[in-house]
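The values are calculated or read from the model by the stated rules, or taken from the named source; none is laboratory data. Remember, predicted model here, so these are calculated numbers, not experimental data. Positions of Cβ are backbone-derived with ideal geometry, glycine not excepted, and every protein chain shown enters the neighbour counts. Just so you know, the surface numbers come from the protein's heavy atoms only, side chains and all, with ligands and any DNA or RNA stripped out. Shrake-Rupley method; radii C 1.70, N 1.55, O 1.52, S 1.80 Å.
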Amino acid sequence: MSKLIVATLTTAVLAGSTMLAFAQERVVNVYNWSDYIDDSILEEFTKETGIKVVYDVFDSNEILETKLLAGGSGYDVVVPTAYFLQRQIAAGVFQKLDKSKLPNISNMWDMVMERTAQYDPGNEYAVDYMWGTTGIGYNVEKMKEILGTDEKPNWDVIFDPEIAAKFKDCGIHLLDSPTDIMPSALAYLGLNPDSHDQADLEKAADLLMKVRPNIRKFHSSEYINALANGDICLAVGFSGDVFQARDRAAEAKAGVTVDYSIPEQGAQMWFDMLAIPADAPHVAEAHEFINYMMKPEVIAKASNYVFYANGNKASQQFLDKEVLEDTAIYPSDAVMQKLFTTTPFEAKEQRVLTRLWTRIVTGQ
C-alpha cells in the first residue's frame, strides 16, 4: 500500500515538474510578411530573452485580416499594414500596447508616427515596423530595348493599353491587392487616389480591364523571383521586394538588371505595423518582442536585409550606406511630396471594391 502511495506521489511530482517546465518555456508566436526579416534577429532575440519564436508568414493583408477577424489565431504579434490596422482596431481585434513595457519607443521617428497616427490616433495599438512605397519594378535592359529610353518608367507602362501591350510577351505582374492597385490607377487617371466613390472606382476598373489582356499574373510575392530571373519585365510591387529582386539578379550574374521607379504621377506610401491581437496568448512576450524590434541596431539589421525604410529614427546610424542613401528607400523631400496615403473602406464600399477586383482578376 505504501509503495502505491509513493509511486502515486512520484508520478504526481514528475507530472508537476513537467507542467512547470512547460509553463517556464516562454514562447512568442509571430505572423509576418514573407521575406521580411533577417532570421538571425529571431535567433538573437531567443538567445537574449530565452523566448522561443514561432514564426509564420503570409503575403497579403486579406489573409491576415481573415485570421484576425475569425479570432483564436494563436498569434501574439502580427504585422498589418496601417490601412487595414485602422478598421481592425474598430473591429476590436487588437489590444492597446502597454507603453510602460516598451521603453525603446523613444527611438521612433516623429515623421512616421505623425503619419501612422492617421490610422491609429495616439499610436495606441501599434508601432511601425517598416514603411515603403508601391511602385514599378522593371527589367532595365528590356525597358530600354522596348521603349528606347533609360528613363525610369511611369504609370503609362502599366495603364496605357498601347504601351502595356509592348510588354505583354515579356510579362507584367500586378499585386493581387485592390487596395494597392486601384489607388495607383486612380492616380494615373488624375483622380483622388483615396477616392471611395463608386463612379471613380469603376473608372479605375474600366482602365484595368483595358490593360487586363497584357497582365500575365496577379500575385503578391511571386514577382520577386520572376523579376530577378528575367521571367517578367514589369511588376507593380512593394519597393523593398523589388530591391530584393534587384539584389538576387545581381548575385545570379545572368545578365538581368532590376530597378525600381516611383512614378511621377504619384505613388502610395504604406506602413507595416507591429500589433498584438486582443486574444494573444503570450502578451508579456509580445511586448518583449516588439520592444526588442525597436532597438536601433536590431531594426537597422532588418532594414539592411529587406531594403525597406523603418520607422526608427535612432536606427539610421546603423543602416548600410546603400540603404540610407538610396532615395528610392528613403526618398528626398521632393519625392515625399508626391507620395499619398489611403484610408480604409466602409463595409459597403469594400463590397463594391471586391466585386470590381474579382472582375479585373478573372478578366470577365
Given 37 °C and 0.692 mPa s, how large is the Stokes-Einstein diffusion coefficient of the stretch 62-206 in µm²/s, with Rh as the Kirkwood radius over Cα pairs?
178 µm²/s
Please enumerate, by chain and number, the lysines with C-alpha under 18 Å from the C-alpha of Lys295, excluding those fewer than 8 residues away in the same chain.
Lys47, Lys99, Lys101, Lys313
Whole-Hz Karplus ³J(HN,Hα) for the stretch 240-253, in order, using 6.51 cos²θ - 1.76 cosθ + 1.60 and θ = phi - 60°, x for Gly and Pro?
x, 4, 5, 5, 5, 4, 4, 5, 5, 5, 5, 5, 6, 6
Quick one: 3J(HN,Hα) in Hz for the stretch 292-306, Karplus 6.51/-1.76/1.60 with θ = phi - 60°, rounded, Gly and Pro as x.
5, 5, 8, 5, x, 6, 6, 5, 5, 4, 5, 5, 5, 7, 9
Distance in nm between label sites at Asp156 and Asp169, each 7 Å beyond Cα in the beta-carbon direction?
2.2 nm
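Would you mind working out the magnitude of the charge dipole of the stretch 254-364 relative to its Cα centre, with +1 at each Lys and Arg C-beta and -1 at each Asp and Glu C-beta, to the nearest 20 Debye? Working shown, then result.
On the way: 9 positive and 14 negative charges, 92 e Å.
The calculated dipole for the stretch 254-364 is roughly 440 debye.
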Taking the dipole about the Cα centre of the chain, with the C-beta of Lys and Arg at +1 and of Asp and Glu at -1, give me whichever of Trp270, Gln317, Leu189 is farthest to the positive side.
Trp270
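Write down, largest first, the equivalent ellipsoid semi-axes of the stretch 276-340 in whole Å, where each equals the square root of 5 times an eigenvalue of the alpha-carbon gyration tensor. Spell out each step's value before the answer.
On the way: eigenvalues 156, 47, 15 Å².
For the stretch 276-340, the semi-axes come out at 28, 15, 9 Å.
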Using a/c under 1.5 as the rounded threshold, could you call the stretch 24-68 rounded, prolate or oblate? The axes a ≥ b ≥ c are square roots of the C-alpha gyration tensor eigenvalues, and prolate needs a/b larger than b/c, oblate otherwise.
oblate
Quick check on the chain: of the DSSP beta bridges with both residues there, what percent are antiparallel, nearest 5%?
60 percent
Which far-off residues, 5 or more places away or on another chain, put their amide H under 5 Å from the one on Phe58, with H placed in the peptide plane?
Asn32, Trp33, Ser34
³J(HN,Hα) across the stretch 193-204 via Karplus (A = 6.51, B = -1.76, C = 1.60, θ = phi - 60°), whole Hz, x for Gly/Pro?
x, 9, 5, 10, 5, 4, 4, 5, 5, 5, 5, 5
Cα-based reach from Lys152 at 24 Å (exclusive), listing lysines while leaving out same-chain residues under 8 positions away
Lys142, Lys144, Lys166, Lys168, Lys210, Lys217, Lys253, Lys321, Lys338
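Arrange the peptides 31-42, 224-235 so that the one whose residues have, on average, the most other Cβ atoms within 10 Å appears first. Intermediate values should be presented prior to the final figure.
Numbers: 31-42: 17.3, 224-235: 22.7.
Peptide ranking by packing, descending: 224-235, 31-42.
Using a 1.4 Å probe and counting only protein heavy atoms, arrange Phe243, Phe345 so the residue with the most accessible area comes first. Could the numbers behind the result be given before it?
Details: Phe243 5, Phe345 25 Å².
If we order Phe243, Phe345 from most to least accessible, we get Phe345, Phe243.
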Does a label point 7 Å from the Cα of Glu251, set along Cα-to-beta-carbon, have any residues of the stretch 303-333 with amide nitrogen under 12 Å, and which are they?
305-306
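Highest first, please rank the peptides 54-63, 355-364 by the mean number of other Cβ atoms sitting within 10 Å of their residues. Before the final figure, lay out each step's value.
On the way: 54-63: 16.6, 355-364: 14.3.
Most protected by this proxy first, the peptides run 54-63, 355-364.
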Mean separation of Cα contacts under 8 Å, 6 or more apart, over the residue count of the stretch 93-231: relative contact order %:
22 percent
Rounded accessible area per residue of the stretch 96-255, 1.4 Å, Å²:
41 Å²
Going through the stretch 291-342, which GluC sites (Glu not before Pro) have at most 11 other Cβ atoms within 10 Å and a DSSP loop state?
Glu325
With the cut-off at 22 Å, report for the stretch 242-325 the share of all Cα pairs above it, as a whole percent.
46 percent
Is the shape of the chain best called rounded, prolate or oblate, per the rule: a/c under 1.5 gives rounded, else a/b larger than b/c gives prolate, else oblate, with a ≥ b ≥ c the square roots of the Cα gyration tensor eigenvalues?
prolate
Quick check for me: using +1 on Lys/Arg Cβ and -1 on Asp/Glu Cβ, what's the dipole size of the chain about its Cα centre, in debye to the nearest 20?
780 debye
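Assign one of three labels to the stretch 159-271, namely rounded, prolate or oblate, based on the Cα gyration tensor with a ≥ b ≥ c the square roots of its eigenvalues; rounded applies when a/c is under 1.5, prolate when it is not and a/b is larger than b/c, and oblate otherwise. Intermediate results must be reported in sequence, preceding the final value.
Numbers: a/c = 2.36, a/b = 1.66, b/c = 1.42.
Prolate, because a/c is 1.5 or more and a/b exceeds b/c.
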Normalised by the number of residues in the chain, what is the relative contact order in percent for Cα pairs under 8 Å and 6+ residues apart?
26 percent
Under 5 Å, built H, 5+ apart or other chain: amide partners of Ala309:
Trp131
